[in-house]
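Take a look at the structure below.
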Amino acid sequence: MTQHHQSEPYALITGASAGLGKEFARQLAASGLNLVLTARREEQLHELARQLQQTHGIQALVFPGDLANEDEPQRIFNFCQQNGIVIEWLVNNAGFGLPGEFDTHPWDMHKRTLQVMLTAPVHLCHLFYPGMKARGKGYILNIASLAAFAPPTAGHTLYEAIKSFLVKFSQSLHLEGKDHGVHVTAVCPGFTYTEFHDVNGTREMVSRLPKSMWMHADEVVRLGIAAAQANQDVCVTGGKNRFIAWLSSALPDRWMRKLAGKQIQKYRKR
Ligand SMILES: NC(=O)c1ccc[n+]([C@@H]2O[C@H](COP(=O)([O-])OP(=O)(O)OC[C@H]3O[C@@H](n4cnc5c(N)ncnc54)[C@H](OP(=O)(O)O)[C@@H]3O)[C@@H](O)[C@H]2O)c1
């Protein structure tokens, strides 16, 4: 592979083969950024890279891999280093839902979940943040969820905890980065049309939600990118979702549990 020019900034997007990640790739490419795309499905990544190179005249590189492997973040970082790729945007987006109660899954499944959605994003931040700080410019988007603000439910046990962690982590790193030109934003989407609910087998269940609760990936991504540019620490996407998040911070926890806990439980598979 040819050495890339140091001054051309790249965006690294995890989970770029579908849904929000694919849309982040589209919108960041349209803004003129080059891309490093990663996920497990190599064919989808190559097809997307080909399309975006053709449409926007950017460089789009594919680095397939499974983020459940502990050494994957380091492999991605080494690939960028070896090719002189400067990552200006890091979008930690890869993720999935795991319905069912805690004890119904083998430990290995929980371990993979924690690795993909918690350890890998933190590790990627740890690898790429110092370069951004040294250059005085960078954007980190950690894709969390409205679930971070929702009352706890039974089932999907680790999901809300992981997303809450991502929000808090992003807020702290945001405070550290803001004096160094590094913008860190936790993007918190509500229900969004992607492959997410097909992958975790809850499509039928969540399709009973009112249409007004759903957003399209292009709008969610547009809001997320704008929030990162404006250096917001948390971006809950959409007015309804922002109201729900606001309610849960304004109301005492036990009220919110009474008010919304039962409603949310209807859409969580135990
Ligand atoms: N859709 C929603 O309603 C919603 C709401 C709130 C938050 N979110 C969050 O948004 C993020 C993106 O989800 P989405 O809705 O776009 O879902 P999606 O359409 O299912 O896409 C998920 C992406 O993550 C990748 N991924 C999953 N496991 C991976 C692994 N082990 N290694 C590498 N990549 C992996 C998938 O790629 P491969 O399968 O090719 O590996 C895919 O590109 C997630 O963090 C999710 O929690 C979604």
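Here is how the numbers come out for the structure above:
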| item | result |
| --- | --- |
| Given (1) away from the ligand (no atom under 11 Å from the Cβ); (2) out of contact with any helix residue (DSSP H, G or I) (no Cβ under 7 Å at 6 or more places or on another chain), number of the condition residue 112 does not satisfy | (1) |
| Qualifying positions in region 23-72 - within 14 Å of the ligand (Cβ to nearest atom), under 21 Å from residue 217 (Cα atoms), in contact with a strand residue (DSSP E or B) (Cβ under 6 Å, 6 or more places away or on another chain) and not aliphatic (A, V, I, L, M) | 24, 38, 46 |
| Test: residue 236 is touching a Cys at 6+ places or on another chain (Cβ under 7 Å) and touching a residue at least 60 places away in the same chain (Cβ under 8 Å) | yes |
| Selected residue (criterion: modelled with the highest pLDDT) from residues of region 1-21 that are of a type in the set (Ser, Thr, Tyr) and more than 13 Å from the ligand (Cβ to nearest atom) | 10 |
| Considering residues of region 181-217 that are part of a helix (DSSP H, G or I) and within 12 Å of the ligand (Cβ to nearest atom) only, the residue nearest to residue 137 (Cα to Cα) | 217 |
| Filtered residues of region 218-234 (kept if touching a helix residue (DSSP H, G or I) at 6+ places or on another chain (Cβ under 8 Å) and either near the ligand (Cβ under 9 Å from one of its atoms) or within 17 Å of residue 19 (Cβ to Cβ) (or both)) | 218, 220, 221, 222, 224, 225 |
| Filtered residue count, region 128-167, keeping only those that are outside any loop (DSSP other than H, G, I, E, B) and within 16 Å of the ligand (Cβ to nearest atom) | 19 |
| Residue satisfying all of: in region 37-73; surrounded by fewer than 17 Cβ atoms within 10 Å (Cβ to Cβ) and either among the polar types (S, T, N, Q) or on the phi > 0 side of the Ramachandran plot (or both); nearest to the chain's Cα centre (by Cα) among these | 69 |
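Table: residues versus (1) among the aromatic types (Phe, Trp, Tyr); (2) at negative phi; (3) surrounded by 13 or more Cβ atoms within 10 Å (Cβ to Cβ); (4) within 15 Å of the chain's Cα centre (by Cα).
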site	(1), (2), (3), (4)
181	no, no, yes, no
188	no, yes, yes, yes
206	no, yes, yes, no
211	no, yes, no, no
219	no, yes, yes, yes
236	no, yes, yes, yes
246	yes, yes, no, no
252	no, yes, no, no
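The values are calculated or read from the model by the stated rules, or taken from the named source; none is laboratory data. Predicted, not measured: the structure shown is a model, and the values here were computed from it. So basically every Cβ, Gly included, is an ideal-geometry build from the backbone, and we count neighbours across all protein chains shown.
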